[in-house]
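Novice: The structure is given below, and queries will be raised subsequently.
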Amino acid sequence: MSTPVVRAVGLRRRFAHPSGDVEVLRGLELEVDAGQVTTVAGRSGSGKSALLALLGGFDSPDSGTILLDGKPVTDAPPWHTCAVLPQALGLATELTNAENVALPLRLRPGGAPKPAELRARVTELLDGLGVGELADRYPTEVSFGQQQRVALARAVSARPKVLLTDEPTAHLDAASTPLVLRLLRQCADEGAAVVVATHDERVHEIADRRVRLRDGLLA
């Protein structure tokens, strides 16, 4: 049996609230394999975004352990290892859309690919997501849905081992959603462990495994 790429063991996370602390995760357990799309469902406020933040190393659990390739996650891993598409997209507004997508490739260990290879990868991703004509624009010059697709292209550009995405279709129209679903599926088929927090039934349809967060645990 293969070892899961991502493993969460006994995760607990509590947040302060004026009416009293809220424990959104209560000993959660999760395993994600390479080559698999795992979708996480649950009502708003159930802890989906909190779970992804913990898996990506952007937050720390109150207790429990997150393992990436069998090693504890204590900080955000590099993009080529674990890439994240958060709801707050975090695109660099001083860079063009193409430059944002190229950034993880420029920062990968061993140096950036050759210019022609880098341009080809960026063009492939932006064209595949229907935003190729926006490559030379800045994030503030395009719609939020277009920014979301640029941010997804940035997340996958360095072919990460783990891809975490939070509501990746939330701001997309009917024509754009299949492009995103195809890319998520492609990433898994190429060997990535893909975790998607979503309310969108269309995303669940491409999943290998679907789990639901309820009362701080996976049902």
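Novice: Could you check A170 against (1) of a type in the set (A, V, I, L, M); (2) buried (at least 16 other Cβ atoms within 10 Å of the Cβ); (3) within 16 Å of the chain's Cα centre (by Cα) and say which number it fails?
Specialist: Tallying (1) of a type in the set (A, V, I, L, M); (2) buried (at least 16 other Cβ atoms within 10 Å of the Cβ); (3) within 16 Å of the chain's Cα centre (by Cα), A170 fails exactly one: (2).
Novice: Restricting the first residue to segment 115-142 and requiring it to be within 17 Å of Q186 (Cα to Cα) and at pLDDT 95 or above, which pairs with a second residue that is surrounded by fewer than 14 Cβ atoms within 10 Å (Cβ to Cβ) and among the aliphatic types (A, V, I, L, M) meet a Cβ separation below 9 Å and a spacing of at least six or different chains?
Specialist: G130/A175
Novice: Please pick out the residue among A41, A8, A34, A50 that is more than 20 Å from L67 (Cα to Cα), in contact (Cβ under 8 Å) with a residue 12 or more places away in the chain, crowded, with 18+ Cβ neighbours inside 10 Å and among the hydrophobic types (A, V, I, L, M, F, W, C).
Specialist: A41
Novice: Then there is this: Just the residues that are over 9 Å from V162 (Cβ atoms) and out of contact with any Lys or Arg (no Cβ under 8 Å at 6 or more places or on another chain), please, taken from segment 71-83.
Specialist: Within segment 71-83, K71, P72, V73, T74, D75, A76 qualify.
Novice: Also, I was wondering about something else. Counting only residues that are surrounded by 15 or more Cβ atoms within 10 Å (Cβ to Cβ) and modelled with pLDDT of 95 or more, how many does segment 86-100 have?
Specialist: Residues that pass the stated criteria total 7.
Novice: Shifting gears a bit: Restricting segment 53-85 to residues that are aliphatic (A, V, I, L, M) and within 14 Å of R154 (Cβ to Cβ), which is surrounded by the fewest Cβ atoms within 10 Å (Cβ to Cβ)?
Specialist: The residue in question is V84.
Novice: Continuing with this model, one more query. In segment 165-185, what residues are of a type in the set (A, V, I, L, M) and part of a helix (DSSP H, G or I)?
Specialist: L179, V180, L181, L183, L184
Novice: Would you pick out the residues in segment 11-24 that are surrounded by 14 or more Cβ atoms within 10 Å (Cβ to Cβ) and of a type in the set (S, T, Y)?
Specialist: Answer for segment 11-24, where residues must be surrounded by 14 or more Cβ atoms within 10 Å (Cβ to Cβ) and of a type in the set (S, T, Y): there is none.
Novice: Filter segment 37-67 for residues that are farther than 18 Å from D166 by Cβ and in a strand (DSSP E or B) and give the result.
Specialist: Matches in segment 37-67: S63, G64, T65, L67.
The values are calculated or read from the model by the stated rules, or taken from the named source; none is laboratory data. Just so we're clear, the structure is a prediction, and the values are computed from it rather than from any experiment. Cβ atoms come from the backbone with ideal geometry, glycine included; neighbour counts cover every protein chain shown.
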